[in-house]
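All remarks here apply to the structure that follows.
A short reminder: the numbers here are calculations on the coordinates, not readings from a lab. Values in this document were obtained by computation on a predicted structure and should not be read as measured data. Methodologically, a virtual Cβ is constructed for each residue, glycine included, from the backbone with ideal geometry; neighbour enumeration extends over all protein chains shown.
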Amino acid sequence: MTLASPAQAATSLAVTIRNLNKQYRAAPHPAVNNISFAILEGSVLALLGPNGAGKTTTVKMIAGLVLPTSGDVDILGCNVFSQRAQAIAHVGAVLEGARNLYWRLSAWENLLYFGSIRLVPRRQLIQRADELLALFELTAHKHQPVREFSRGMQQKLAIACSLLHDPAILLLDEPTLGLDVKAAKTIEEIIGYLASERRKSILLTTHQMHLAEEVAHDIFVMNEGVQVVYESKESLLKRFDMQGKIVDVELSSSPAEETLAQLRSAFPSVDQQMNGGIETLSYSSHNQQEMLTFINTVDTLGCRIDNIRYRRPTLEEVFLTLTEKKTT
Ligand SMILES: Nc1ncnc2c1ncn2[C@@H]1O[C@H](COP(=O)(O)OP(=O)(O)O)[C@@H](O)[C@H]1O
Ligand SMILES: [Mg+2]
């Protein structure tokens, strides 16, 4: 296989991982099983997969925090295991559930502390810390203890702390976990900005598919340690788009259980959900006639149809199809 995904052809690679394996002692299966991928300079690779897929283990191996059983990680030409210090100097990381900040310290004290660990010269550190506070709109909270921060502010500060030594590579493990919609949106904008304006190469693990859909260039889906898919986001979405469009039939009220049961017996894959407060029945097919039959059946069963929309599948739907296929 080629390491670079189609989107990456002929561009320089910031991170390359090759045949990476991790077998934790006493674990029945490898947490990471022979995976390879590359992160292009200035691009975002989303590492997706259900709980326990091996995402965090992969991130920790790239950060040099977990030793692989076998395989290699290269960061801007430096091997993480044989040239650890050089390689790690290029990396900033915000790990999931880790102690990324000191709660009793203020934002400013955290920045100075984490910058000094990274051996950033004092004058440069002060300048960068101020810049990052401004960039993340935290200047007004400079001297406030972090324990008084909202989850969103804490996460922004954790990312700021990981950027003090101006690393070319940023590893973000579940950066929007537990954030409200607005704070998650801010993190999403920051990730997009860091990649496109600051040319950071970003590895992002997430459960939130719309985040990956918004910011990722490449998608790597893993499940039970193995690769499920590795492709550019555009080509992945296009590929699924060609397999079938989706029709959303919006109803003016919830269908009766009996109606739904009848519909399901004729169209087993029909999906019922509330979409922005609107009762919606979704059905996917590559066959236009079958879609029309579906819409007709909904109508014949007595449901009041308010609106009909055709769309391509979202990354979330693609992801569910991919991971379901792999586990069944
Ligand atoms: N330190 C560890 N020791 C033993 N097993 C571990 C350890 N860390 C993770 N695992 C196991 O490795 C697998 C992958 O975990 P992880 O990398 O955290 O997945 P994810 O981040 O995708 O949820 C899981 O089965 C998990 O239980
Ligand atoms: Mg994890």
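So which of 200/245; 182/233; 182/245; 142/182; 22/185; 60/142 end up more than 26 Å apart, counting from Cα to Cα?
Result: 200/245; 182/245; 22/185; 60/142 exceed 26 Å.
Enumerate the residues in the stretch 129-160 having an amide nitrogen under 12 Å from the point lying 7 Å beyond the Cα of residue 113 toward its Cβ.
145-147
May I ask for the percentage of alpha-carbon pairs in the stretch 134-281 that lie more than 22 Å from each other?
Considering the stretch 134-281, 58 percent of its Cα-Cα pairs are separated by more than 22 Å.
With N denoting the number of residues in the stretch 103-159, provide Rg(C-alpha) divided by 2.2 N^0.38 Å, to two decimal places.
In units of the globular-protein estimate, the stretch 103-159 measures up at 1.03.
Testing the spin-label approximation: label points 7 Å from Cα along Cα→Cβ at residue 51 and residue 310. State their distance in nm.
With each label placed 7 Å out from Cα toward Cβ, I get 3.9 nm.
Run the simple label-point estimate for residue 83 and residue 262 please: 7 Å along Cα→C-beta, distance reported in nm.
7.0
By counting other Cβ atoms within 10 Å of each Cβ, how are 226, 249 ranked from fewest to most?
226, 249
Tell me the Kirkwood hydrodynamic radius of the chain in angstroms, computed as one over the mean inverse distance between distinct C-alpha pairs.
Taking every pair of different Cα atoms in the chain, averaging 1/r and inverting gives 21.8 Å.
Which length gain, in nm to one decimal place, applies between residue 70 and residue 269 when the Cα-Cα distance is subtracted from 0.36 nm times their residue separation?
Net length gain for the segment: 67.5 nm.
If the chain between residue 198 and residue 241 were fully stretched, how many nm would it gain, using 0.36 nm times the residue separation less the Cα-Cα distance?
Answer, rounded to one decimal: 12.3 nm.
To make sure I understand the rule: partners must be aspartates and glutamates, Cα under 12 Å from the Cα of residue 156, and not fewer than 8 residues away in the same chain. Which ones qualify?
137, 188, 189
When 269, 12 are ordered from fewest to most other Cβ atoms inside 10 Å of their Cβ, what list results?
So the ranking, lowest neighbour count to highest, is 269, 12.
Taking the Cβ of each residue in 62, 117, 35 as the centre, tally the other Cβ atoms inside 10 Å and list the residues starting with the fewest.
117, 35, 62
Please compute the modelled spin-label separation between residue 290 and residue 254, points set 7 Å along Cα→Cβ, answer in nm with one decimal.
Distance between label points: 2.9 nm.
Do the sum for the chain: with -39,500 (n - 2.57) for every DSSP H run of n ≥ 4, divided by all residues, what is the mean residue ellipticity at 222 nm, to the nearest 500 deg cm²/dmol?
After summing the helix terms and dividing by residue count, I get -11000 deg cm²/dmol.
Label point 7 Å out from residue 130 along Cα-to-Cβ: which residues of the stretch 96-111 have amide N under 18 Å?
Label zone hits: 107-111.
Just in the stretch 153-240: which trypsin sites (Lys or Arg not before Pro) are loop by DSSP and have at most 16 other Cβ atoms within 10 Å?
Passing both the DSSP loop test and the Cβ count: 198, 199.
Taking every alpha carbon pair in the stretch 245-312, what does the distance histogram look like in 5 angstrom bins from 0, in percent?
4, 18, 35, 27, 14, 3
Amide H to amide H, which residues 5 or more places from residue 93 or on other chains are under 5 Å from it, using H placed in the peptide plane?
171
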